[in-house]
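Working notes for the structure below.
Each value in this text was obtained by applying a stated rule to the coordinates, not by laboratory testing. In this text, all values refer to a predicted model and were calculated from it rather than measured experimentally. Here the Cβ positions follow ideal geometry from the backbone for every residue, glycine too, while neighbour counts run over all protein chains shown.
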Amino acid sequence: MNVFAEVEKRVLAALEGLAQRGVLPEGLDFSAVAVEQPRDPSHGDLACNAAMVLAKAAKMKPRDIAEALAAVLKADPDVVSAEVAGPGFLNLRMRDAFWHAVVRDIFTSGAQYGATNIGAGAKTNVEYVSANPTGPMHVGHCRGAVFGDALANLLAFSGFDVTREYYINDAGGQVDVLARSVFLRYREALGEDIGEIPQGLYPGDYLKPVGEALKAAHGAALRDQPEEAWLSLVRRFAIEQIMPMIKDDLAALNIRHDVFFSEASLTQAGTDKVKAAIDDLRRTGLIFEGRLEKPKGHDDEEWEDREQTLFRSSEFGDEADRALMKSDGTYTYFAGDVAYHYDKLQRGFRHLVNVFGADHIGYIPRMLATIAAFTGGTVERDAKGKLKYWHTSGGSADLDIKVVNLVKLFKNGEPFKMSKRAGTFVTLRDVVDEVGRDPVRFMMLYRKELEPLDFDFAKVTEQSKDNPVFYVQYAHARAASVLRNAREAFSGLEWAGDGRVAADLSLLTDRGELDLVKKCAFFPSLIEGAARAHEPHRVAFYLYDLASAFHAHWTRGNDLPQLRVIQADDRALTAARCALVAALQQVLSSGLRVLGVGAPEAMR
């Protein structure tokens with residue numbers, strides 16, 4: 001049960017009744033009416049904005065509307081009080097029985113408590129990581145990988161039909177550099193002294209096994225061939241060797257994609273999906289032949305002072321039109337991205353999410369323009385012409401681009417350097433091996449994705465309140481321990497079973513207990529809001545708040561024995577409190593599952 005949605009239904013019914021009685025004008029638009037959590041819990045359990053959003057259209061004072069609405073809601077058997085505050089805010093307090101029903105709902109729903117169907121099965125593509133297949137994942141990929149995976153979990157939990165996708169950039173110049181680097185290691189495997197790795201090639205030791213594998217597959221047959229003879233072969237071979245390495249690195253974070261889409265496949269096997277995408281844009285008058293001005297302040301690889309095939313991306317707010325074909329007829333790098341996203345639309349996806357690194361911010365306007373052009377959508381901009389949000393809207397499909405910022409590594413507050421088997425960077429596997437999967441995943445989500453993140457190896461492994469992942473997991477383990485101890489204290493003790501509550505929940509009357517129930521009750525609304533905003537960090541913040549409330553209530557029991565869960569002389573009260581603890585444990589488990597973090601039954 002989403003308590004906000006439930007009470008909102010009652011508010012809307014009350015407003016309809018007021019309109020029928022002539023208290024409110026008929027035909028008012030109630031779509032902006034919302035029930036939400038008040039900023040100050042002392043004001044009430046729930047707050048409603050109805051009077052404030054309806055006053056202008058109704059030509060009434062907000063307070064008059066609020067007082068009329070309050071009079072109706074006071075008759076609701078679940079409402080203790082409906083108080084008007086300030087110019088017209090309406091604060092509601094609900095009876096204890098209303099909150100007890102939330103505990104029953106958690107047991108009935110089980111692991112699906114909090115799940116929504118706002119996605120209604122819409123096909124959704126979340127593309128994340130998509131690193132060049134030139135070596136192992138590094139820590140810079142880690143945050144985007146975790147963010148994208150958690151977002152995919154969140155959207156699936158909210159009713160979207162989610163496909164997790166990785167775009168393999170296997171058709172650009174960097175894979176040629178990879179092939180040359182592997183060929184050098186191949187010569188080394190054949191016994192040559194290759195000396196220092198030339199500048200511009202990949203120096204990491206991870207390529208030595210690839211060179212050995214190339215030797216095992218081809219012997220010395222490639223050594224004396226010219227580059228044009230072996231480059232394509234070695235490029236394919238290197239990617240086939242490195243992609244399993246990348247997948248293995250991601251698996252260490254429990255990340256598994258559904259689709260690995262090859263950029264090279266866009267123009268292979270007798271097909272040319274790039275041409276198909278350009279032709280589609282041409283049919284709508286968005287392709288023309290022309291010249292581009294040289295960008296100011298820097299060189300642009302796609303610029304040449306000759307007539308090229310251009311996309312009118314400036315019609316969708318991009319700062320300039322973009323080249324898709326050079327004067328020699330070859331496709332630009334951007335053309336491949338256009339074709340790839342066109343292919344996503346052809347596969348039936350209606351919602352697209354791309355997770356970019358901070359170094360790709362400049363690429364966002366042209367990608368938004370691409371999707372807007374294909375779908376008939378728009379790119380929202382402010383009065384000064386700047387992008388307001390990194391998404392499209394209003395078309396047959398939409399694109400939302402999420403940007404994850406940099407991660408800085410520390411240990412005890414000092415910059416931390418790790419072994420660099422990759423030669424030039426700290427690997428994702430190094431980080432996971434150092435602290436474990438769960439701390440990495442949780443802490444990568446414990447900041448909004450666009451904020452810089454300081455990752456301190458000491459802090460994420462310490463057992464204290466200052467370590468959010470420990471604090472949340474410890475709450476789950478503490479709940480499990482309480483339930484185990486209760487069964488030991490009372491043979492055959494029941495608080496729930498078969499999706500029902502066997503305990504007498506009316507015995508839950510302490511304010512601390514009811515506050516825990518209320519926090520659990522907000523979980524479905526939290527999930528819905530996080531899914532709509534594409535912000536999984538909200539789940540991490542919520543779980544920490546819930547864990548903190550549970551630990552604080554536990555501490556109260558240390559000082560006031562009558563508040564402890566297990567009451568040796570009161571089996572019924574113990575059962576009721578166990579039901580609350582089990583419900584809270586379920587919410588923690590569901591939230592951690594969305595984040596891809598384990599929910600331990602015990603902590604070592």
If all Cα-Cα distances of the range 462-604 are sorted into 10 Å bins from 0 onward, what percent lands in each bin, rounded to whole numbers? 11, 42, 34, 11, 1
Ranking of Lys294, Lys386, Lys344, Lys326 by count of other Cβ atoms within 10 Å, fewest first: Lys386, Lys294, Lys326, Lys344
Stretchable slack from Asp96 to Ala269, in nm (0.36 nm times residue separation minus alpha-carbon distance): 55.7 nm
10 Å binning of all Cα-Cα separations within the chain, expressed as whole percents from 0 upward: 3, 14, 20, 22, 19, 12, 7, 3, 1, 0
Semi-axes of the range 3-94's equivalent ellipsoid from the Cα gyration tensor, sqrt of 5 times each eigenvalue, largest first, rounded to whole Å? 19, 14, 12
With a point put 7 Å past each Cα toward its Cβ, work out how far Tyr333 is from Lys74 in nm, to one decimal. 6.8
Which FRET efficiency value, to the nearest 0.05, do you get for Thr378 and Arg291 by plugging their Cβ-Cβ distance into 1/(1 + (r/R0)^6) with R0 = 30 Å? 0.60
Give the cross-link partners of Lys465 among the lysines, using a straight C-alpha distance below 21 Å as the criterion and excluding same-chain residues fewer than 8 apart. Lys411, Lys448, Lys519
Jot down the per residue volume, in cubic angstrom and as a whole number, of the convex hull over the alpha-carbon atoms of the range 398-501. 196
How much FRET efficiency would the formula 1/(1 + (r/R0)^6) give for Asp515 and Ser464, where r is the Cβ-Cβ distance and R0 is 41 Å, rounded to 0.05? 0.95
Which of Lys59, Lys459, Lys74 has the fewest other C-beta atoms within 10 Å, and how do the rest follow up to the most? Lys59, Lys74, Lys459
Low-density loop GluC sites (Glu not before Pro), the range 249-355, at most 16 other Cβ within 10 Å, DSSP non-H/G/I/E/B, are Glu293, Glu301, Glu302, Glu304, Glu307, Glu319
Can you list the lysines whose alpha carbon is less than 27 Å from that of Lys59, not counting same-chain residues fewer than 8 positions off? Lys9, Lys74
Which order results if Val33, Val597 are arranged by neighbouring Cβ count within 10 Å, fewest first? Val33, Val597
Which of the GluC sites (Glu not before Pro) found in the range 424-506 are loop residues per DSSP with 15 or fewer other Cβ atoms within 10 Å of their Cβ? Glu462, Glu494
For the chain, what is the mean residue ellipticity at 222 nm derived from helices alone (per DSSP H run of n ≥ 4: -39500 (n - 2.57); sum divided by total residues; nearest 500 deg cm²/dmol)? -14500 deg cm²/dmol
Using the beta-carbon distance between Glu494 and Asn254 and R0 = 51 Å, what value does 1/(1 + (r/R0)^6) give for FRET efficiency, to the nearest 0.05? 0.90
Suppose the chain between Phe410 and Glu67 were pulled fully straight at 0.36 nm per residue; how much longer would it get relative to their current alpha carbon spacing? 117.9 nm
In nm, give the distance between the simple-model label positions of Ala320 and Glu83, each being 7 Å from the Cα along the Cα-to-Cβ direction. 6.1
Under 22 Å Cα-Cα from Lys275, which lysines qualify once same-chain neighbours fewer than 8 residues away are excluded? Lys326, Lys344
Just want to confirm a number: the relative contact order over the chain, from Cα pairs under 8 angstrom separated by 6+ residues, in percent. 15
Place a +1 charge on the Cβ of each Lys and Arg in the chain and a -1 charge on the Cβ of each Asp and Glu, then give the dipole magnitude about the Cα centre in debye, rounded to the nearest 20. 1060
Using a 7 Å offset from the Cα along the Cα-to-Cβ direction at both Ala111 and Arg39, what is the distance between the two label points in nm, to one decimal? 4.0
